[in-house]
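S.K.: Mind looking over this structure? Questions follow.
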Amino acid sequence: MNLSGDDHLERAVTELGEPDALFRINGGRFLAKLALGVLLLVLGGAANYLWWVHGPATFEHFMMFVLVGLPLSGVSLLLHMYRNRGLLILVYPNGLLRLRRGEVDSFPWAEVERVRLRIQRSDVAFARDDAGEPAACWLPVDVPTFKLGDAGVTVVRGDGVEVHFGAALSDYEALAEDVQKRTFAVLWGGVRDRFRAGDRIAFGELEADTTGLRHNGKLLPWHELKELVVAQGKLSVKQSGKWLPWALVEMGDVPNPHVLFALADEAQRKVGRS
């Protein structure tokens with residue numbers, strides 16, 4: 001017997017209790033994005049008809065965006081909404097469940113090894129304990145108007161199984177923050193202890209140890225690090241006194257960026273105290 005999404009939800013709640021939070025495809029957002037995707041396809045189709053049937057117009061660079069960009073954006077938006085239909089995310093103290101069209105996947109927080117973020121721009125946010133140590137660290141996210149594929153959170157278990165959460169979900173911003181806070185609580189202690197012991201911690205192309213950040217064989221000492229900045233979908237490592245970034249990495253290629261930001265904060269605070 002095939003169970004519907006609501007059937008799976010009822011069964012999960014019966015067996016596990018009420019979740020701390022429930023996220024599902026936002027009905028209003030789904031319809032709005034669906035209408036927008038159709039509108040982009042219609043406008044792109046009309047522009048192509050006028051261009052190819054009635055002859056090219058001026059402003060060729062702008063017209064190339066209209067002829068190609070609008071239809072592609074519309075198709076991308078509709079595909080994204082189609083893939084995420086019926087999606088439910090239940091967040092529990094011990095982990096999260098993904099329910100989607102008869103499939104059930106569990107991701108216990110203790111088994112989560114990596115979190116990846118697709119974000120275009122962000123600052124970093126901290127919650128600190130009484131001693132000033134980070135109790136939580138996360139990168140706030142936003143929902144893009146057109147390219148929903150430019151936003152998302154990916155959670156990867158230690159066995160390699162992963163799940164992706166897109167911006168079409170209701171309260172996507174809250175979900176992304178919650179995932180980062182809960183995984184930070186699990187990951188931070190071990191990473192911090194290894195870092196303090198002198199181990200080199202890998203974050204994709206970037207590596208961090210007590211001497212500084214490393215990228216492509218180069219070393220940036222912590223006292224020369226100006227800041228880490230997320231802009232235009234990339235993580236920019238800025239060096240004090242330099243105009244150009246010391247390193248530029250795609251955000252989607254940086255595992256656990258919230259932990260990296262916390263390590264950089266700890267290292268710079270230590271430099272400031274020395």
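The values are calculated or read from the model by the stated rules, or taken from the named source; none is laboratory data. Everything numeric here is computed off the predicted structure, so don't read it as measured data. Please note: Cβ atoms are built from the backbone with ideal geometry, for glycine as well, and neighbour counts cover all protein chains shown.
Okay, residues lined up against (1) of a type outside the set (Phe, Trp, Tyr); (2) at pLDDT below 95; (3) surrounded by 14 or more Cβ atoms within 10 Å (Cβ to Cβ):
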residue	(1), (2), (3)
208	yes, no, yes
217	yes, yes, no
220	yes, no, yes
233	yes, yes, yes
238	yes, no, yes
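S.K.: Same structure again: What's the total number of residues in the range 114-135 that are part of a strand (DSSP E or B) and free of Cβ contacts under 8 Å to residues at least 60 places away in the same chain?
M.R.: Matching residues across the range 114-135 total 4.
S.K.: Please find, among 158, 166, the residue that is among the small types (Gly, Ala, Ser) and surrounded by fewer than 19 Cβ atoms within 10 Å (Cβ to Cβ).
M.R.: None of the others qualify; the one that does is 158.
S.K.: For the range 147-156, enumerate the residues that are assigned to a helix (DSSP H, G or I) and touching a Ser or Thr at 6+ places or on another chain (Cβ under 9 Å).
M.R.: Hits for the range 147-156 are 148, 149.
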